[in-house]
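Structure record follows, encoded as structure tokens.
Since every read-out is calculated from the coordinates, none of them should be taken as a lab result. In this text the structure is predicted, and so the values were computed from the model without any measurement. All Cβ positions, even for glycine, are placed from backbone atoms using ideal geometry, and neighbour counts span all protein chains on display.
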Amino acid sequence: MATKKTPDCVENLIEPYRITKGKGFRLERFDPADTHRLGSEHKPQAKLLLEQGVARLADLQDKLYAQNQWSVLLVFQAMDAAGKDSTIEHVMSGVNPQGCQVYSFKQPSAEELDHDFLWRSTKCLPERGRIGIFNRSYYEEVLVVRVHQEILRSQKLPPKLITKRIWDERLEDIAAFERYLVRNGTVILKFYLNVSRDEQKRRFLERLDEPDKNWKFQPGDVTERLHWDEYMLAYQEAIRATATKHAPWFVVPADNKWFTRLVVAAAIVDALQRLDLALPPVDATRRKELMAARKLLMRE
């Protein structure tokens, strides 16, 4: 249901992709090429809506920062070439860098491997008043590590703790971790950019064929495609176990980048508008301080 501050058109745009109950979730039911009945002829209109969304997001972020009560965590997960970087760049283009932090989690360092699997993410969480963006996240521990289980050997876990339930246990820990954060004032939105295997292949070939995109291509990107079905199952299990009303997943179609960005922007704006953010009120004491400061300035 739309709130007073959420237009029906925005609500209708994001609802098909919002997952708040993981039980029974099936990834195959979500079309990576879906554009919510918007054809390519609507791309100019979508661009305008995105610009409006970016401007609205900038205004809301100013209030979030000034109010200094809530923090926002945006988690982006996807297969390679799904468009995480470009989506973050376009959607967050109007946000004040002072109130936004972006972290990209690569292969764990020796120090990180000496801690629990949530440690390196925990120390990067956004402070109150700020938006934190995780480009990949703690979910890698139930995705890439699940697909490549030999990685577990490098994590120095006691052997008796590596059981058949380790993935269920990690997902339970993630769900509890997110519930804890929400109870302490962190708004969590998780985005799975759902790209098709055919579109990923097209984008990989584009990176190979266009010299200015060669730097984006890594040989390992192709070998990971051999594990496509395993990754799809891992994503499905992760969403099933951790999609909740307080920390929803958005399974966003990613074959058309213009539509991906529009849905992500709409979801973030919608979540921030639900917080009823406002600039701190000026009480009588504060107003006297401001008037006194003005008088001092006028005397110069």
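Note on His148 and Leu279: the extension gain reaches 42.4 nm, defined as 0.36 nm multiplied by sequence separation minus the Cα-Cα distance. Using θ = phi - 60° in the Karplus curve 6.51 cos²θ - 1.76 cosθ + 1.60, the 3J(HN,Hα) couplings for region 26-34 round to 10, 4, 5, 7, 10, 7, x, 9, 4 Hz; x is entered for Gly and Pro.
How do the peptides 130-141, 66-77, 155-166 rank, highest first, by the average count of neighbouring beta carbon atoms within 10 Å per residue?
In decreasing order of mean packing, 130-141, 66-77, 155-166 become 130-141, 66-77, 155-166.
FRET efficiency for the pair Asp221 and Asp31, taken as 1/(1 + (r/R0)^6) with r the Cβ-Cβ distance and R0 = 22 Å, rounds to 0.40. Cβ crowding within 10 Å ranks Val95, Val264 as Val95, Val264, fewest other Cβ atoms first. Applying the Karplus relation 6.51 cos²θ - 1.76 cosθ + 1.60 with θ = phi - 60° to region 181-186 yields 3J(HN,Hα) values of 4, 4, 5, 10, x, 9 Hz, where x marks Gly and Pro.
Counting only Cβ charges, +1 for Lys and Arg and -1 for Asp and Glu, the dipole size of region 180-227 around its Cα centre is about 300 debye. Ordering Leu208, Phe117, Val142 by the projection of their Cα atoms onto the charge dipole of the chain, which places +1 on the Cβ of Lys and Arg and -1 on the Cβ of Asp and Glu, puts Phe117 at the extreme positive end. Annotation for region 33-132: GluC sites (Glu not before Pro) lying in DSSP loop with at most 13 further Cβ atoms inside 10 Å of their Cβ are Glu127. Note on the chain: with charges restricted to the Cβ of Lys and Arg (+1) and Asp and Glu (-1), its dipole about the Cα centre is near 1000 debye.
In this structure, the residue pairs whose Cα-Cα separation is over 24 Å, taken from Lys106/Lys213; Lys160/Lys190; Lys43/Lys106; Lys23/Lys84; Lys106/Lys216; Lys63/Lys84, are Lys160/Lys190; Lys43/Lys106; Lys23/Lys84; Lys63/Lys84.
Taking Rh as the Kirkwood radius computed over C-alpha pairs, what is the Stokes-Einstein D of region 101-250 at 4 °C in a medium of viscosity 1.567 mPa s, expressed in µm² per second? For these conditions, the coefficient is 75 µm²/s.
The candidate values were (i) 28, 48, 20, 4, 0; (ii) 33, 49, 16, 1; (iii) 30, 55, 13, 2; the one computed from these coordinates for P(r) over Cα pairs in 20 Å bins from 0, in percent carries the label (iii).
DSSP bridge analysis restricted to region 8-299 gives an antiparallel fraction near 10%, rounded to the nearest 5. Annotation: amide H-H contacts under 5 Å for Ser104 (H modelled 1.01 Å from N, sequence separation of 5 or more, or interchain): Asn135.
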